[in-house]
Amino acid sequence: MKSFSAKSDLQTYLNPLRKKKKKIGFVPTMGALHKGHLSLVKRALYKTDVCVVSIYVNPTQFNDFKDLESYPRTVDSDVLKLRQISDNIVVYVPTNEDIYGKDFSLSDFDFMGLDKIMEGANRPGHFKGVANVVERLINAVQPKFTFFGEKDYQQLSIIQHLNQKHRWRTTIVPCPTEREYNGLALSSRNQKLSETSREKSGVIYEILKQVKLKFSTNSMENLKLYVKKKISMHKDFIELEYFEIADELTLTPAKKNQKKLKYRAFIAAKVEGVRLIDNIQLN
Ligand code: PAF
């Protein structure tokens, strides 16, 4: 398995493959790999000839320094996990300088308002950081297909929008959320939870599933009240940051159910100071 920390070396390796018409797939990650990431990698290997996996904890997408500091960094075991899957994986572990140069200057993007709600509203500057790193990583790898998980649905929507607008010349492939046995969406942040809280946090998905069941017979307002009430019944360990129902395509918060539209419910909650997010398709 090949591993590179400089973009120039990565490109020297990938260019001849591209000339031989090999399809390159790309899975950008911040490491601390779990089964969710590995399912994206397997999907990429199935669809392409070579899968590049980047492992880079991107400082510009953290609006909270403590969160950046405490983000799990486990590159050695990440590489081992990838090695066990296939030899056709190329690992790219760039330095800050390789991505941002010496001055860390960021480009501005027009997110068409997608950054003003939910994760964007609660984490100022987050999507600007994500867009900057994803654009640079895609430029470095030049993949035919790039794989993103639906767990970060708002991120996925923003990336799809920017990919079209800025012609990054890759196809974005959305992949379903992987879950623990109790329904908790897999996330690198779950590692920060105690065993008990991890167990109890299955309630987040339980509530989302209930919302889906109730969706066709309840107003948006009722569903929001229902979620608030349910979460408050578990206030000994969980605190609601937001719950929103939005149009799946535009992410516009929904006021009432219009039959022709597709909706998704989104939730962010804190457990032991760890932010957990999840979402579910409603109709
Ligand atoms: O989803 C993530 O892990 C990150 O936001 C990404 C896309 C790797 C950019 O740093």
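So the values come out like this:
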read-out	value
Reachable aspartates and glutamates, given that their alpha-carbon falls under 12 Å from the alpha-carbon of K255 and they are not under 8 places away in the same chain	E221, E244, D247
Radius 12 Å from Cβ of K66, net charge of other residues (Lys, Arg +1; Asp, Glu -1)	-1
Net charge of neighbours whose Cβ lies under 9 Å from the Cβ of I267, counting Lys and Arg as +1 and Asp and Glu as -1	-3
Set of aspartates and glutamates with alpha-carbon distance to K20 below 17 Å, sequence-local pairs under 8 removed	D49
Calculated [θ] (222 nm, deg cm²/dmol) that DSSP helices of n ≥ 4 give over the chain, each run adding -39,500 (n - 2.57)	-12000 deg cm²/dmol
Share of pairwise Cα separations in the chain, more than 31 Å, in percent	29 percent
DSSP-loop chymotrypsin sites (Phe, Trp or Tyr not before Pro) across segment 1-107, with at most 16 other Cβ within 10 angstrom	F104
Simple spin-label estimate for D49 and S8 in nanometres, 7 Å along Cα-Cβ	2.6 nm
Segment 74-120 - Debye-derived log10 I(q)/I(0), Cα point model, q = 0.31 Å⁻¹	-1.10
Count of Lys pairs (Cα-Cα under 25 Å; at least 8 positions apart or interchain) in segment 104-203	11
Local net charge near Q191, Cβ-Cβ under 13 Å (Lys/Arg +1, Asp/Glu -1)	+1
Integer Hz, Karplus 6.51/-1.76/1.60 couplings in order for segment 6-16, x for Gly and Pro	10, 3, 4, 5, 4, 5, 4, 6, 7, 4, x
Trypsin sites (Lys or Arg not before Pro) within segment 1-106, DSSP loop, no more than 14 other Cβ atoms inside 10 Å	K20, K21, K22, R73, K102
Percent antiparallel among DSSP beta bridges (both partners in the chain, rounded to 5)	50 percent
Listed residues G25, G101, G120, most fluctuating in the chain (Gaussian network, C-alpha, under 10 Å)	G101
Sequence-separation-based contact order of the chain, relative, with Cα cut under 8 Å and 6+ spacing, percent	17 percent
At most 12 other Cβ within 10 Å, DSSP loop - trypsin sites (Lys or Arg not before Pro), segment 121-182	R167, R169
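Since every read-out is calculated from the coordinates, none of them should be taken as a lab result. Keep in mind the model is a prediction, meaning the values are calculated, not measured. No Cβ is skipped: glycine too gets one built from the backbone with ideal geometry, and neighbour counts run over all protein chains shown.
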